[in-house]
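Inspection log for the structure reproduced underneath, given as structure tokens.
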Amino acid sequence: MTASARVATGLWLAGLIVLVAWLAGCSADTPDNADDPLRIGVLKFGTVSWELDTIARHGLAEKHDVAIEVVPLASENALAVALQGGRVDMIVSDWLWAARQRGADRDYQFVPYSRAVGAVMVNPASGVKDLADLKGRKLGIAGGPVDKTWLLLRAYAQKTRGLDLERAVEPTFAAPPMINRLMLDGALPAAINFWHYNARLSALGMRELVSVRQMLAGLGIDTVPPLLGWVFAEDWADQHRVELQHFFAASQDAKRLLAESDDAWAPLEDMIKPESEAVFAAIRDGYRAGIIERYGAPEIAAAGQLFDVLAAESDGQLTGGVKQLSPDVFWDGYRLP
């Protein structure tokens, strides 16, 4: 090879190296990759895991052309930290959390996952038949001093009974399993707990005193808004709009399967660990009751009404000083007619 040919070849190779490096740099800078899975943070034994297991078991992600990576985490706080730190893309939380984040200039958005709501459960042996019967008694509360159901119950009792529950009862705060144990032992006459713990209580002989649906109606909120949902960053959603819509289609298929087929629940029994077949059936029925069949402007408006009640009752503590629920909290890529 002549000297001039060697120079030309060297220049060609150098140019090729520069081109490859430039292309690699462009690829590294591109945030959206259709082959990347949606990383979903979940509590290992939480209700969200039931649905994701159903999606995987029945090939629903493949059916809807979306890749999913499940990231198990230990607590609600761990979920929030993982989302904020970019370790996961989505978690299940509530629109209140998303609203507080937006109030701090962190633009998260919400798509409903479930409208399952809590209730006040009572031990029939306690003699509690009305809210007025709670005066001077203990009331177990699983979610802490600013638990949404506790705040809603206080507003409802004040409006419909003229009863100041904050003064009338002795709030007893504890973890959900402990609340159930105290109820079943007779140490608590009544309690507020999460829906799947209430389902267990119902199957074990406890009864519902007043539901969140009744509380909402008593406060003039006729539509039950979904409280729990998928939460993700707005800019990330802008880049993954198609994948998100595919995932929500897979989620709807899983919910439909769990709504219609008892057989689809059989593989979930080891995850749920029910105390009996009656408890298992109650949890299954409670999950089905929370499946969202419609979601649009009325539900979003009802969420705004509920936000106002919770903000007033908690003196802004629950809402983090946010004055109004912005419609921008609710992702515009998902509606159910």
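The values are calculated or read from the model by the stated rules, or taken from the named source; none is laboratory data. Bear in mind the structure is a predicted one, so any value in this text is a computation, not a measurement. With ideal geometry, Cβ positions are generated from the backbone for all residues, glycine too; neighbour counts draw on all protein chains shown. The area values use the complete protein model at the heavy-atom level, side chains included, leaving out ligands, DNA and RNA. Shrake-Rupley method; radii C 1.70, N 1.55, O 1.52, S 1.80 Å.
Between residue 285 and residue 252, take the C-beta separation as r, use R0 = 22 Å, and let me know the FRET efficiency to the nearest 0.05.
Result of the calculation: an efficiency of 0.65.
Report, in degrees rounded to the nearest 10, the 0 to 90 angle that the Cα long axis of helix 241-260 makes with the longest principal axis of the chain.
Value to nearest ten degrees: 40.
Once you place label points 7 Å from the Cα toward the Cβ at residue 308 and residue 242, how far apart are they in nm?
4.2 nm
If R0 is 56 Å, what FRET efficiency do you get for residue 324 and residue 207 from their C-beta distance, rounded to 0.05?
Using R0 = 56 Å, I get an efficiency of 0.90.
So how far apart, in nm, are the two label points at residue 235 and residue 36 if each is 7 Å from Cα heading toward Cβ?
1.2 nm
Rounded to the nearest 10 Å², what accessible area does residue 156 have for a 1.4 Å probe in the complete protein model?
Residue 156 has an accessible surface of roughly 30 Å² with all protein chains in place.
Once you sort the root eigenvalues of the Cα gyration tensor of the range 277-337 as a ≥ b ≥ c, which label holds: rounded (a/c under 1.5), prolate (a/b larger than b/c) or oblate (the other case)?
Here the range 277-337 falls in the oblate category.
For Rg/Rh (Cα atoms, Kirkwood Rh), one of (i) 1.02; (ii) 1.12; (iii) 0.97 was computed from the structure I shared and the rest are decoys. Which label?
Identified label for the calculated read-out: (ii).
Under the rule of at least 5 residues apart or a separate chain, name every residue whose amide H is placed under 5 Å from the amide H of residue 330.
Sorted by chain and number, the residues that satisfy this are 110.
Roughly what angle does helix 277-289 make with the longest principal axis of the chain, taking Cα atoms, 0 to 90 degrees, to the nearest 10?
Compared with the principal axis, the helix lies near 70 degrees.
For a quick check: with amide H placed at 1.01 Å from N, whose amide H comes under 5 Å from residue 141's, ignoring anything fewer than 5 positions away on the same chain?
Counting only residues 5 or more places away or on other chains, the set is 172, 173, 174, 192.
Hey, rough spin-label estimate for residue 135 and residue 185, points 7 angstrom out along Cα→Cβ, what's it come to in nanometres?
Between residue 135 and residue 185, the simple spin-label model gives 2.9 nm.
Does the range 219-337 classify as rounded, prolate or oblate by the C-alpha gyration tensor (a ≥ b ≥ c root eigenvalues; a/c under 1.5 gives rounded; else a/b over b/c gives prolate, otherwise oblate)?
Taking the square roots of the gyration eigenvalues as a ≥ b ≥ c, the range 219-337 is oblate.
So which of 138/159; 44/148; 135/159; 159/323; 44/129; 148/323 end up more than 25 Å apart by C-alpha?
44/129
Would you grab the residues whose amide H sits under 5 Å from the one on residue 228? Only those 5+ places off in sequence or on another chain, please, with H modelled 1.01 Å from N.
Here the answer is 113, 114, since their amide H atoms fall under 5 Å of that of residue 228.
Each residue of the range 73-84 in turn: what ³J(HN,Hα) in whole Hz from Karplus with 6.51, -1.76, 1.60 and θ = phi - 60°, glycine and Pro shown as x?
With coefficients 6.51, -1.76 and 1.60, one gets 9, 8, 7, 4, 4, 5, 4, 4, 5, 5, 5, 5 Hz.
By how many nm would the segment from residue 84 to residue 301 grow when fully extended, if each residue of separation counts as 0.36 nm and the alpha-carbon distance is taken off?
75.4 nm
Once the Cβ-Cβ distance between residue 335 and residue 315 is put in as r, and R0 is 30 Å, what FRET efficiency do you end up with, to the nearest 0.05?
0.35
Using the Karplus curve 6.51 cos²θ - 1.76 cosθ + 1.60 with θ = phi - 60°, work out ³J(HN,Hα) for each residue of the range 57-68 in order, rounded to whole Hz, and write x for Gly and Pro.
5, 9, x, 6, 5, 5, 4, 9, 6, 9, 9, 10
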